[in-house]
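Scroll down for the structure; my scribbles are underneath it.
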Amino acid sequence: MTNPSVAIFLTLGLGYWLGKFHIKSFKLGATVGVLLVGLVIGQMGKFQIAPVVKNLFFDLFIFTIRYEVGPAFIDTFKKKGVKFIIQSVVFTVIAFVVAFGMFKLFHIKFGEAGGIIAGALTQSACIGTANSAIEALHISQAAKTAAMSQVAIAYALTYVFGTVGVLIFLKNIAPAILRVNLREATKKYIEKNHIQTGNVGVRVSANIRVRAFELENGCEFIGKNLISFDDNNEGLVIEEVVRDGKMLTASSTILKAKDAIIVVGSIKAFAKFADEDHKLSELDANKFPIDLKKETILLTKDYNYNKLEKMLNNGVLIDSAKHDDQPVTDYTKLTVGDHITIIGPKNYLANSVKTIGYEKAVGKKTDVIYLSIGIFLGILLGAIVINIHKIPLTLGGGGGALFAGLYFGWLQEKHPNIGVIPPSTRWLLKSLGLNLFIGVVGLEAGSGFVTALKEMGWLVFVIGALVSILPHLLTLLFSRFVLKMNIVDNIGSLCGSGTITAALNAVNAETDSTVFALSYSPTYALGNIFLTVMAPLVVALLA
């Protein structure tokens with residue numbers, strides 16, 4: 001097998017298949033699966049793959065994943081979770097000190113060190129940022145290639161314990177150290193904070209009705225527009241007008257005799273409406289089906305609760321509401337910058353949404369211009385090299401794309417009508433971007449895998465285990481006795497600081513609760529940044 005394209009796609013296919021295998025809470029995952037398959041296929045020959053292939057796909061991955069966490073990352077600093085920020089910083093500092101101390105003590109090479117950081121701390125993106133830092137070093141190309149192989153192999157050796165070991169520690173050992181029953185503590189936490197659990201779906205209001213009428217001669221609404229009707233009949237809105245078999249929806253439409261109007265409103269409003277003689281003939285509303293629309297709204301300075309309440313009285317339902325990316329159930333507390341997802345009559349929403357904000361674009365088309373400019377600026381940022389005591393420090397292309405993704409993700413959140421990258425596109429860019437990069441790394445490292453493995457031996461595995469566990473243990477104790485964090489917030493935020501989603505899933509399953517996600521989310525955003533930057537820093541210092 002000498003064709004790199006064949007090898008790459010075979011590696012991807014088999015790697016994703018292998019990644020599906022799991023034992024209870026531990027799942028190998030596509031990334032590890034692709035790497036292992038790449039290392040095996042790499043034994044068949046020495047593949048020459050242009051570096052630009054890896055760089056392009058890694059930049060797409062790292063920009064996209066930071067684009068997603070950008071708003072949460074910025075908001076964490078600005079608005080809430082001081083303890084979470086402190087804990088995440090402490091975790092990163094401890095992880096760096098433990099890792100760097102081990103590397104110096106046992107004379108670990110900088111390539112191996114980058115791989116240990118990536119695997120022991122389960123941060124796959126570190127492979128890319130470590131490789132970017134290696135590329136910037138003033139060493140021979142052969143030395144760079146050898147170091148990058150060491151990154152991949154050390155990652156493979158340390159990742160499994162980095163996942164399984166930490167998962168067991170946070171789920172079973174940490175509560176035992178603090179002498180806490182995790183299930184009982186979680187129950188008390190939920191009761192104390194009045195947290196509602198379970199899935200909240202569309203709330204159907206039995207109070208809302210749809211009725212159809214025909215305007216008779218002499219009807220008071222003839223000659224008036226739809227807005228006038230809405231303003232003068234509180235709790236009722238005209239969703240559609242049918243004239244000569246044609247549907248009219250513009251709010252400026254002037255009503256005429258024999259028009260059929262489809263009205264949406266509350267039972268109470270209809271009862272009041274029926275007390276007056278409007279010279280209307282009621283029609284079968286089932287013959288005039290209306291379209292419902294679901295959309296997410298960003299509340300602007302025009303918003304106030306009275307306007308939202310009027311919309312709710314006119315047949316609009318709130319599916320969900322969020323403040324700082326956290327669910328809100330008391331809608332009176334919503335404020336400018338919050339998001340609400342509403343469901344209501346399509347035409348009514350088109351006219352009424354503008355009174356409280358504007359629809360957040362969630363279309364199917366990707367803003368490729370926004371994506372490309374963001375990555376372009378990130379690569380320029382990553383090209384900057386600063387020499388401190390003859391040590392070259394640089395973000396590299398991946399690190400630059402990381403910070404560009406953070407900013408552009410935050411910017412898109414503030415201006416939802418630009419820079420849209422739909423969820424399906426983001427998933428593809430993250431998954432394919434990272435794993436194609438990892439697959440190429442595995443193929444290139446495969447030919448030297450056996451030799452490198454013999455050189456590293458058990459030492460790398462043991463160091464990886466210590467780098468995995470010690471930061472979590474020491475930060476757990478710091479958070480409990482210095483920050484005075486309760487066990488739920490403590491463990492949830494440790495899952496986030498260590499960017500180990502498998503552990504979050506495990507504690508959720510252990511306690512039958514998803515409450516740990518409340519503290520996981522802000523620290524996960526922080527951990528993604530801090531840990532990814534740690535790898536190139538370690539490489540630069542050791543080199």
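The values are calculated or read from the model by the stated rules, or taken from the named source; none is laboratory data. Every value quoted in this text rests on a predicted model; they were computed, and no experiment measured them. As a convention, Cβ positions derive from the backbone with ideal geometry for all residues, glycine included, and neighbour counts pool all protein chains shown.
State all residues of region 271-284 that are closer than 16 Å to residue 314 by Cβ and surrounded by fewer than 16 Cβ atoms within 10 Å (Cβ to Cβ); if no residue qualifies, say none. Listed by number, the residues that qualify are 271, 272. Can you find a residue that is assigned to a helix (DSSP H, G or I), assigned by TED's automatic domain parsing to the domain that holds residue 95 and under 24 Å from residue 473 (Cα atoms) anywhere in region 121-134? Within region 121-134, one or more residues are assigned to a helix (DSSP H, G or I), assigned by TED's automatic domain parsing to the domain that holds residue 95 and under 24 Å from residue 473 (Cα atoms).
Does residue 242 fit the bill of being surrounded by fewer than 21 Cβ atoms within 10 Å (Cβ to Cβ) and among the aliphatic types (A, V, I, L, M)? When the stated conditions are applied, residue 242 passes them. For region 285-292, the criterion of being assigned to a helix (DSSP H, G or I), surrounded by 13 or more Cβ atoms within 10 Å (Cβ to Cβ) and at pLDDT 80 or above is met by at least one residue.
So, in region 456-490, how many residues would count as being of a type in the set (D, E, K, R) and either outside any helix (DSSP H, G or I) or under 25 Å from the mean Cα position of the chain (by Cα) (or both)?
2
Is it fair to say residue 143 is modelled with pLDDT of 80 or more, small (Gly, Ala, Ser) and either surrounded by fewer than 20 Cβ atoms within 10 Å (Cβ to Cβ) or farther than 19 Å from residue 536 by Cβ (or both)? Judged against the criteria, residue 143 is a match.
Applying a threshold of 7 Å to beta carbon distances and a minimum spacing of six or more residues, or different chains, the list of pairs starting in region 230-241 at a residue that is in contact (Cβ under 8 Å) with a residue 60 or more places away in the chain and ending at one that is charged (D, E, K, R) reads 235/268; 237/230.
One residue stands out in region 417-434 among those that are surrounded by 18 or more Cβ atoms within 10 Å (Cβ to Cβ) and part of a loop (DSSP other than H, G, I, E, B): the one that is farthest from the chain's Cα centre (by Cα), namely 419.
The requirement of being outside any helix (DSSP H, G or I), crowded, with 16+ Cβ neighbours inside 10 Å and modelled with pLDDT of 85 or more is satisfied by residue 261.
For residue 249, indicate whether it is in the same structural domain as residue 215 (by TED's automatic domain parsing), polar (S, T, N, Q) and at pLDDT below 80. Taking the combined requirement at face value, the residue satisfies it.
Restricting attention to region 113-140, the residues being closer than 19 Å to residue 42 by Cα and over 23 Å from the mean Cα position of the chain (by Cα) number 2. Summed over region 46-68, residues that are among the basic types (Lys, Arg), assigned to a helix (DSSP H, G or I) and over 15 Å from residue 532 (Cα atoms) total 1. Within region 68-102, the residues that satisfy the criterion of being in contact with a helix residue (DSSP H, G or I) (Cβ under 7 Å, 6 or more places away or on another chain), modelled with pLDDT of 80 or more and either under 18 Å from residue 477 (Cα atoms) or buried (at least 22 other Cβ atoms within 10 Å of the Cβ) (or both) are 84, 85, 87, 88, 90, 91, 92, 94, 95, 96, 98, 99. So, in region 486-501, of the ones that are within 16 Å of residue 82 (Cβ to Cβ) and surrounded by fewer than 24 Cβ atoms within 10 Å (Cβ to Cβ), which residue ends up modelled with the lowest pLDDT? Once the filter is applied, the top-ranked residue is 489. Annotation note: Cβ proximity below 8 Å between a residue of region 440-451 that is under 12 Å from residue 7 (Cβ atoms) and part of a helix (DSSP H, G or I) and a residue that is at pLDDT 65 or above and basic (Lys, Arg) (sequence gap 6+ or interchain) occurs for 440/54. Determine whether residue 242 is of a type outside the set (Phe, Trp, Tyr), out of contact with any helix residue (DSSP H, G or I) (no Cβ under 6 Å at 6 or more places or on another chain), in a strand (DSSP E or B) and at pLDDT 80 or above. Yes; evaluated as a whole, the condition is true for this residue. Exactly one residue among 477, 483 is modelled with pLDDT of 90 or more, surrounded by fewer than 17 Cβ atoms within 10 Å (Cβ to Cβ), farther than 17 Å from residue 35 by Cα and in the same structural domain as residue 102 (by TED's automatic domain parsing), and that residue is 477. Taking first residues from region 281-305 that are touching a residue at least 12 places away in the same chain (Cβ under 8 Å) and partners that are among the basic types (Lys, Arg), the Cβ contacts under 6 Å between residues at least 6 apart in sequence or on separate chains come to 285/211; 291/346; 293/346; 296/360; 298/360. The condition of being of a type outside the set (D, E, K, R), at positive phi and either in the same structural domain as residue 509 (by TED's automatic domain parsing) or more than 30 Å from the chain's Cα centre (by Cα) (or both) does not hold for residue 163.
Listed here are the residues, each with its yes/no results for (1) at pLDDT 85 or above; (2) out of contact with any Leu (no Cβ under 9 Å at 6 or more places or on another chain); (3) among the β-branched types (Val, Ile, Thr).
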| site | (1), (2), (3) |
| --- | --- |
| 10 | yes, yes, no |
| 19 | no, no, no |
| 30 | no, no, no |
| 34 | no, no, yes |
| 41 | yes, no, yes |
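Reported count of residues in region 447-474, each being at pLDDT below 70 and buried (at least 24 other Cβ atoms within 10 Å of the Cβ), is 0.
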